[in-house]
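Have a look at the structure below before the remarks.
The values are calculated or read from the model by the stated rules, or taken from the named source; none is laboratory data. Values in this document were obtained by computation on a predicted structure and should not be read as measured data. Cβ: placed from backbone, ideal geometry, glycine included. Neighbour counts: every protein chain shown.
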Amino acid sequence: MIREQLHRIVFQPAARSATCSEGSSILEAARRAAVPLASVCGGKGTCGKCKVKASGSLGPLTTQELGHLRPEEIQAGYRLACQAQVQGAVEVEVPFTADVAYKTALPLLLSGLEPQPNVRKLYLDLPQPSLEDQRPDLERLRAALDCPFETGSLYTLRQFPAVLRQAEWHVTAVLVGDHLAALEGGDSRDRCYGIAFDLGTTTVAAYLVDLNSGQLLSAAASTNRQTTYGTDVMTRIERAHAGGLVELRRAARETLNELILEVCRDAGASPRQVYEAVLAGNTCMAHLFLGIDPHSIGVAPYVPTLVEALDLPARELGLDMAEGGNVHLLPAVAGFVGADTVADLLAAAPADDSRVRLLIDLGTNAEMVLMGRGRMLACAAAAGPAFEGARISCGMRAAPGAIDRVEMVDGRVKVHTLDDRPALGLAGSGLISAVASLRREGFINRRGRLQGKAGAELFASGQWGPELLLASASESGSGRAIVLSQHDISELLLAKAAIEAGFKVLLQESGIAVQAIEEVLIAGAFGNYVDKLDAITVGLIPSLPAEQVKGVGNAAGAGAVLALLALEKRRRAQEIARQIEYVELSAHLGFHEEFIQAMSFPEIA
């Protein structure tokens, strides 16, 4: 019998390690070690985004690596994690871009709200049993509570005898809705917590809330561990349908549990006293979290298994919170307009606001909702992963070291990075900023082509055609030059065209002119990082006065928190989901024509 050769792979700077068999890829080892490497293509070797610096015993460079790595990167020891095969002990240096999600919590749009949560804690001083009073424990509890309730889980019932007697019948009953979720010794009414999740395709945010006061106690964000299986929804749908559903569900669950522990640790709270979670995410993320194959979402006619709100036991879903706790999933609208969009509207679109407004949640799948004149119309445009850094020559997600702003000053390029770190790559907001600056200076024409200008020597011929140097190899934090290429501009133009065509179709369907839009809301990270004038310059949003454009931060997270704090908000979420009229762009006769017309940048005023 041949014994399998096992080797240890260490990932720095996190000092995480994994043991894997000979011939495994670095990407497979990263999954074992829970190191969230970026992998747009899910490990096929076609995207080139899983670059790492590796030393040790590895197989030879593959054809895919030779196609994606520059000579100076090969010289420095860079490999594609999905292609490099382990043949012995290996040490891997993970770029900061791939290892850490940008942790700054996006601002929550929470106004003063009187908490009316689904969780109640009631302190009871029960009469002790005697020969004269031989009522069963559960009957004794029912009499003291004097309100109807379901007995909850078998786990909760099993705790009854010990908790009641050890606490000498002084206990706190925890009711989640009409279910008895827990029985705790003593008076624990002051410790009552809930958690809200924004389960994003790339980043997951968690918000721990005191359900008594409504106070936000702690917030954290983390890269969704599913990104190692593909950074976009369609890649994950394919992976799940091909037999990877269990591992994708596990990755989502591990991400959520890691965040539960983090926010509870920061607030000094026990996860066992987190009694309810509310989750907002796109329809595919919700399916994967539940372990439902999302294949039908990815093929025409793009029909999900379910979109309605759900209440499920936390224990059944594997979340590390109160064993008898509840998980509420907000309702979705369609296969590509999910509960995150409903949560956006719950937070940022009050029912009593009758103005004509357009909400855009920018991402790989850009969801848009046009509100006004008694209607809400929604669509989803396949903008592509350019805003997340995919298919951009030096693209990356918003993380420390990402270029988020580019200016032309006296004919020279000036860049700004998140956290003022040495440049590591170009974030989506930086891509928009760079193109807008070059467009205003006349270096990019309406068709998106780089063009020279007298006295300017900003461009060189690169791997993908003409390039603008943003940071030299000696200036960057990775030892690699950071550039904007002609190919990158074309990718942005495609994304912009899809989004512009999407909101113009909504305007057509509603009979509203673009000039009638009174406010544009930009949701998500872009609402914080992208410059409004830059977005208008490239045509990503309608050309309106800048004061009519508003970034609303993580409105999806805010909506999830509101639904956690007030049952009335959950009812409102269901009303929103029912009221939205979904427009399928792929079946709309006018979409293709609008897309073609949008394949150019606006005129510069």
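Restricted to segment 478-508, and to residues that are in contact with a strand residue (DSSP E or B) (Cβ under 6 Å, 6 or more places away or on another chain) and closer than 21 Å to residue 353 by Cα, which residue is surrounded by the most Cβ atoms within 10 Å (Cβ to Cβ)? Going through the qualifying residues, I end up with 503. Please verify whether residue 303 is in a strand (DSSP E or B) and more than 29 Å from residue 532 (Cβ to Cβ), treating the condition exactly as stated. So residue 303 fails the test. Scanning segment 478-489 for residues that are of a type outside the set (D, E, K, R) and assigned to a helix (DSSP H, G or I), we see that the one that is farthest from residue 380 (Cα to Cα) is 486. Here 505, 561 are screened, and the one residue that is farther than 30 Å from residue 394 by Cα, in contact with a His (Cβ under 6 Å, 6 or more places away or on another chain) and touching a residue at least 12 places away in the same chain (Cβ under 8 Å) is 505.
Segment 9-89 holds helices (runs of 4 or more DSSP H) entirely within its bounds, and those carrying 1 or more residues that are farther than 23 Å from residue 243 by Cα map to 63-68, 71-76. Taking segment 558-603 as the range and being of a type in the set (Lys, Arg) and closer than 30 Å to residue 220 by Cα as the test, the residues that pass are 569, 570, 571, 572.
Looking for something assigned to a strand (DSSP E or B), under 17 Å from the mean Cα position of the chain (by Cα) and of a type in the set (Gly, Ala, Ser) - is there at least one such residue anywhere in segment 320-332? Talk me through it step by step, then tell me what you get.
Keep residues of segment 320-332 that are assigned to a strand (DSSP E or B), which gives 326-329.
When the remaining residues are screened for being under 17 Å from the mean Cα position of the chain (by Cα), the result is 329.
This time we only want the ones that are of a type in the set (Gly, Ala, Ser), so: none.
No, every residue in segment 320-332 fails to be assigned to a strand (DSSP E or B), under 17 Å from the mean Cα position of the chain (by Cα) and of a type in the set (Gly, Ala, Ser).
The single condition among (1) in a strand (DSSP E or B); (2) surrounded by fewer than 24 Cβ atoms within 10 Å (Cβ to Cβ); (3) in contact (Cβ under 8 Å) with a residue 40 or more places away in the chain that residue 393 does not meet is (1). Among residues of segment 408-430 being within 18 Å of residue 532 (Cα to Cα) and touching a helix residue (DSSP H, G or I) at 6+ places or on another chain (Cβ under 6 Å), the one that is surrounded by the most Cβ atoms within 10 Å (Cβ to Cβ) is 428.
Within segment 411-439, residues that are without any contact (Cβ under 8 Å) to a residue 24 or more places away in the chain and within 16 Å of residue 396 (Cα to Cα) have Cβ atoms under 6 Å from residues that are among the small types (Gly, Ala, Ser) and surrounded by 21 or more Cβ atoms within 10 Å (Cβ to Cβ) in these pairs: 417/401; 417/423, counting only partners at least 6 apart in sequence or on another chain.
Do any strands (runs of 3 or more DSSP E) entirely within segment 151-254 hold 1 or more residues that are surrounded by fewer than 23 Cβ atoms within 10 Å (Cβ to Cβ) and not acidic (Asp, Glu), and if so, which? Don't jump to the end; show me each part of the working.
Values: elements: 170-176, 179-185, 193-199, 203-210, 216-223.
Counting at least 1 such residues, we get 170-176, 179-185, 216-223.
Return the only residue of 158, 70, 79, 140 being at pLDDT below 85 and charged (D, E, K, R).
From the options 158, 70, 79, 140, the qualifying one is 70.
For segment 572-598, name all the residues that are assigned to a helix (DSSP H, G or I), under 30 Å from residue 537 (Cβ atoms) and not charged (D, E, K, R). Steps first, please.
Taking segment 572-598 first, the residues assigned to a helix (DSSP H, G or I) are 572-579, 585-587, 591-597.
If we keep only those that are under 30 Å from residue 537 (Cβ atoms) as well, we get 585-586, 591-597.
Hits for segment 572-598 are 585, 586, 591, 592, 595, 596, 597.
Take residue 53 and tell me if it is touching an Asp or Glu at 6+ places or on another chain (Cβ under 6 Å) and surrounded by 17 or more Cβ atoms within 10 Å (Cβ to Cβ). Yes: the conditions hold for residue 53.
Any residue at all in segment 103-113 that's exposed (fewer than 14 other Cβ atoms within 10 Å of the Cβ), small (Gly, Ala, Ser) and either modelled with pLDDT of 90 or more or in contact with a Cys (Cβ under 9 Å, 6 or more places away or on another chain) (or both)? Scanning segment 103-113 turns up no residue that is exposed (fewer than 14 other Cβ atoms within 10 Å of the Cβ), small (Gly, Ala, Ser) and either modelled with pLDDT of 90 or more or in contact with a Cys (Cβ under 9 Å, 6 or more places away or on another chain) (or both). So, of the residues in segment 583-605 that are within 24 Å of residue 377 (Cα to Cα) and loosely packed, with under 14 Cβ neighbours inside 10 Å, which turns out to be nearest to the chain's Cα centre (by Cα)? Checked segment 583-605; the qualifying residue nearest to the chain's Cα centre (by Cα) is 586. Considering only residues in segment 466-477 that are assigned to a loop (DSSP other than H, G, I, E, B) and in contact with a helix residue (DSSP H, G or I) (Cβ under 9 Å, 6 or more places away or on another chain), the one that is nearest to residue 425 (Cα to Cα) turns out to be 477. Quick check: is even one residue across segment 275-294 surrounded by fewer than 18 Cβ atoms within 10 Å (Cβ to Cβ), over 28 Å from residue 586 (Cβ atoms), more than 20 Å from the chain's Cα centre (by Cα) and modelled with pLDDT of 95 or more? Checked against the condition, which is being surrounded by fewer than 18 Cβ atoms within 10 Å (Cβ to Cβ), over 28 Å from residue 586 (Cβ atoms), more than 20 Å from the chain's Cα centre (by Cα) and modelled with pLDDT of 95 or more, segment 275-294 yields no hits at all. So which residues in segment 255-269 are aliphatic (A, V, I, L, M) and part of a helix (DSSP H, G or I), if there are any at all? Listed by number, the residues that qualify are 256, 259, 260, 261, 263, 267.
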